[in-house]
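Scroll down for the structure; my scribbles are underneath it.
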Amino acid sequence: MEEVIFNIRRFNGINSYWQRFKVPVKRGMTLLEGLYYIKENLDGSLAFRASCRMGICGSCAVRVNGKPMLACETQILNLKAKKLDIEPLDNMRVLKDLIVDFDDFFKKHEAVKPYLIRDDVFYSKPVELLQTPKELKEYYNFTLCIKCGSCYSMCPAASTRGDYLGPATITAAYRFCADSRDKGKNERLEAVSGTNGVWRCHFAAECSEVCPKKIEPAKAVQKMRKSAAGYMIKKIFR
């Protein structure tokens, strides 16, 4: 067993402050297990989100020593630090301790219509929409996004402009625009071509650096920027 200091940035609705906890750590213990140890043995008022414990739901994302990561996937000893500064995700309103408000984050997702759009689908007579392996490969990697907010937390454009759609939202837009079954590309390009869309990205690529699923949201943003440029040119000379 090793002892690691969890230095947690807490928020009680009025004041923000740091609080230290000594956590006994053994090999294989995750950051999430450490947080549960604190809640169950040291301070039951500690608030954080968690659900699946297997890197799928994205609920447990927090910043550790300045970098966003999933608490359930992060082994404490692999961080090679005797003290961990644990904070809520950045660029979002803090509700309590490590819990942030995702309402605005998901409203931005809604703006790009993250679902298949077609005008020939009739539920009374369903038809299979066939797709080749090559067509699937075009966008599949971007379907792995778990909406954890890590990329948005590290985005410098989001920190300077609150209405910026953000890398996760634009990645979702690209995922459906690149889907051969979709017919709503122009609607999404219209949504991301505004002043709060792809042109706000400065290509810091921090979003790809911290993505726990390695889906390269920075790449998706640049691909959408290229499509948006073509869309705007056509719109001007229409």
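Nothing in this text is a laboratory measurement; each read-out follows from the coordinates by a stated rule. Just so it is clear, the structure is predicted and the values come from calculations on it, not from any experiment. Here Cβ is always computed from backbone atoms with ideal geometry, including for glycine, and neighbour counts include all displayed protein chains.
Beta-bridge orientation, the chain: approximately 85 percent antiparallel, per DSSP, counting only bridges with both partners inside.
Highest-first packing order for the peptide set 90-98, 112-120 is 90-98, 112-120, based on the mean count of other beta carbon atoms within 10 Å. Dividing the mean sequence gap of close Cα pairs (under 8 Å, 6+ apart) by how many residues the range 121-238 holds gives a relative contact order of 29 percent. For the chain, the list of Cys residues with no other Cys C-beta under 4.7 Å reads 60, 72, 145, 148, 155, 177, 201, 211. Maximal additional length on extending the residue 37-residue 226 stretch stands at 63.3 nm, based on 0.36 nm per residue less the C-alpha distance. A straight Cα-to-Cα reach below 23 Å connects residue 125 with the lysines 183, residues fewer than 8 places away in its own chain not being considered. Close amide H contacts of residue 61 (hydrogens built in the peptide plane, cut-off under 5 Å, sequence separation of 5 or more or a different chain): 71. Viscosity 0.692 mPa s, temperature 37 °C: give me the Stokes-Einstein translational D for the range 103-237 in µm²/s, with Rh taken as the Kirkwood radius over C-alpha pairs. D, rounded to a whole number, is 214 µm²/s. Subtracting the Cα-Cα distance of residue 85 and residue 3 from 0.36 nm times their residue separation leaves 28.1 nm of extension gain.
Note on residue 132 and residue 67: their simple-model spin labels are 4.0 nm apart, each label 7 Å out from Cα toward Cβ.
Taking 0.36 nm per residue of separation and subtracting the current Cα-Cα distance, fully stretching the chain between residue 26 and residue 143 would add 38.7 nm. So if we plug the beta-carbon distance of residue 123 and residue 159 into 1/(1 + (r/R0)^6) with R0 = 41 Å, what FRET efficiency do we get, rounded to 0.05? Calculated value: 0.45.
Over the chain, Cα pairs under 8 Å with separation of 6+ residues give a relative contact order of 18 percent.
The convex hull drawn around the Cα atoms of the chain, when projected onto a plane and averaged over every direction, covers 15.9 nm². Under 23 Å Cα to Cα from residue 213, which lysines show up? Leave out anything in the same chain fewer than 8 places away. Straight-line reach from residue 213, under 23 Å: 67, 80, 107, 108, 113, 134, 137, 147, 223.
Highest average first, the peptides 162-168, 194-200 ordered by how many other beta carbon atoms sit within 10 Å of their residues are 162-168, 194-200. Modelled spin labels at residue 47 and residue 14, positioned 7 Å past Cα toward Cβ, are 1.5 nm from each other. For the range 151-157, the Karplus equation 6.51 cos²θ - 1.76 cosθ + 1.60, evaluated at θ = phi - 60°, returns couplings of 5, 5, 5, 9, 6, x, 5 Hz by residue, with Gly and Pro reported as x. According to the square roots a ≥ b ≥ c of the eigenvalues of the Cα gyration tensor, what is the shape class of the range 140-220, taking rounded for a/c under 1.5, prolate for a/b larger than b/c otherwise, and oblate for the remainder? In terms of gyration-tensor shape, oblate. Which residue, 41, 99, 169, has the largest displacement toward the positive end of the dipole of the chain when charges sit on each Cβ (Lys, Arg +1; Asp, Glu -1)? My answer, from the dipole projection, is 169.
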